[in-house]
Amino acid sequence: MESAAFPRRIDALTEVVAFITAAFERLDAPLELRRDVDFVLEELFTNVVKYGRGVAPVTIDIAAVAGGVEVTLTEPEAERFDITRPPTVDTTLPAESRRPGGLGLHLIPRVVDSVKYDYSAAERCSRITFLKTTTSAPPDDAAGHGEKTC
Amino acid sequence: MLTIEGGDDTPVAISGRLDATQAAAAQSYLDRLAGVVTLDCAGLEYLSSAGLGVLLKTHKRLLASGGRLRLTEVSRHLQDIFSYSGFDQILEIEPCR
């Protein structure tokens, strides 16, 4: 598993992308998944930067699974916000009625196999895990990615 | 890394990654253009929701003055993002040839 921590700044997104690139190479993960993994991690990371109130770094873990990767973003000092239940976005509105913003979390379930949100009130820690594979095959549990704490 | 060039009487060629780190620069560039603006997306490798916001804001501004934003040479990956977000219903999108 590849792991790294990042400061809560938008410009740290460049480091996140570099980390994903290196992780995919080291894990020999399917390159065709890169853009979708980049997309989801950018949406999750920028969401933390914009709305998170903590200051501790955000950790990203990437593990190889059968046919893809499992990615976890851990946010310490977090308030509960279930990103799998974002505010509704009406994607049928005409341009004149639309406002920029709010689309990122709405799009995440469309580009990954699955996404899961966990929150520990005791630790004030949120953990978002998503799976992206080339097929709908279930993840390989032997990948060695157990529970972590903040 | 994002590169944008052209405009006014020629298509605007955009290439690289239009993500949250580049959105402000892209917006600043597109804000200077008027009328019917054609964005050549042949080199656009990646687009996040921050980039979608730039395109929407630009299109709305152009619409208000009788213009519009049209996208050409759009890759399959970007077409998927536009479809998921409903942007394929509000923007004129021409796929890659």
Item to check | Subset of the range A:20-41 [assigned to a helix (DSSP H, G or I), of a type outside the set (Val, Ile, Thr) and in contact (Cβ under 8 Å) with a residue 60 or more places away in the chain] | outcome: A:Glu32, A:Leu33, A:Asp36, A:Phe39
Next on the checklist: Residues that are more than 13 Å from every other protein chain (Cβ to nearest Cβ) and closer than 26 Å to A:Ile10 by Cβ, at least 3 per element: which strands (runs of 3 or more DSSP E) completely within the range B:1-92 meet that?
Outcome noted: B:2-5, B:12-18, B:36-47
Checklist entry - A:Thr59 versus (1) assigned to a helix (DSSP H, G or I); (2) in contact with a Ser or Thr (Cβ under 6 Å, 6 or more places away or on another chain): which is the lone unmet condition? => result (1)
Next on the checklist: Cβ contacts < 9 Å: first residue surrounded by 14 or more Cβ atoms within 10 Å (Cβ to Cβ), restricted to the range A:115-126; second residue in a loop (DSSP other than H, G, I, E, B) and acidic (Asp, Glu), any location; separation 6+ or different chain. Result?
Outcome noted: A:Tyr117/A:Asp82; A:Tyr119/A:Glu79; A:Tyr119/A:Asp82; A:Arg124/A:Glu77; A:Arg124/A:Glu79; A:Cys125/A:Glu77; A:Ser126/A:Glu79; A:Ser126/A:Asp82
Checklist entry - Tally time: how many residues in the range B:54-72 are buried (at least 20 other Cβ atoms within 10 Å of the Cβ) and within 10 Å of the chain's Cα centre (by Cα)? => result 7
Item to check | Tally of residues being among the aliphatic types (A, V, I, L, M) and out of contact with any Leu (no Cβ under 7 Å at 6 or more places or on another chain) across the range B:35-49 | outcome: 2
Next on the checklist: Looking at the range A:14-56 only, could you name the residues that are away from chain B (no Cβ under 13 Å) and of a type outside the set (Gly, Ala, Ser)?
Outcome noted: A:Phe19, A:Phe24, A:Glu25, A:Arg26, A:Leu27, A:Asp28, A:Pro30, A:Tyr51, A:Arg53, A:Val55
Checklist entry - When you look at A:Arg85, is it in contact with an Asp or Glu (Cβ under 9 Å, 6 or more places away or on another chain) and among the basic types (Lys, Arg), yes or no? => result no
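Out of the residues in the range A:93-107 that are part of a helix (DSSP H, G or I) and of a type in the set (A, V, I, L, M, F, W, C), state the one that is surrounded by the fewest Cβ atoms within 10 Å (Cβ to Cβ).
It comes out as A:Ala95.
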Item to check | Selected residue (criterion: farthest from the other protein chains (Cβ to nearest Cβ)) from residues of the range A:1-13 that are part of a helix (DSSP H, G or I) and farther than 23 Å from A:Ser114 by Cα | outcome: A:Ala12
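Read-outs throughout are calculated quantities, based only on the coordinates presented, and are distinct from any laboratory measurement. Predicted, not measured: the structure shown is a model, and the values here were computed from it. Using ideal geometry, Cβ is built from the backbone for each residue, glycine included, and neighbour counts are taken over all protein chains shown.
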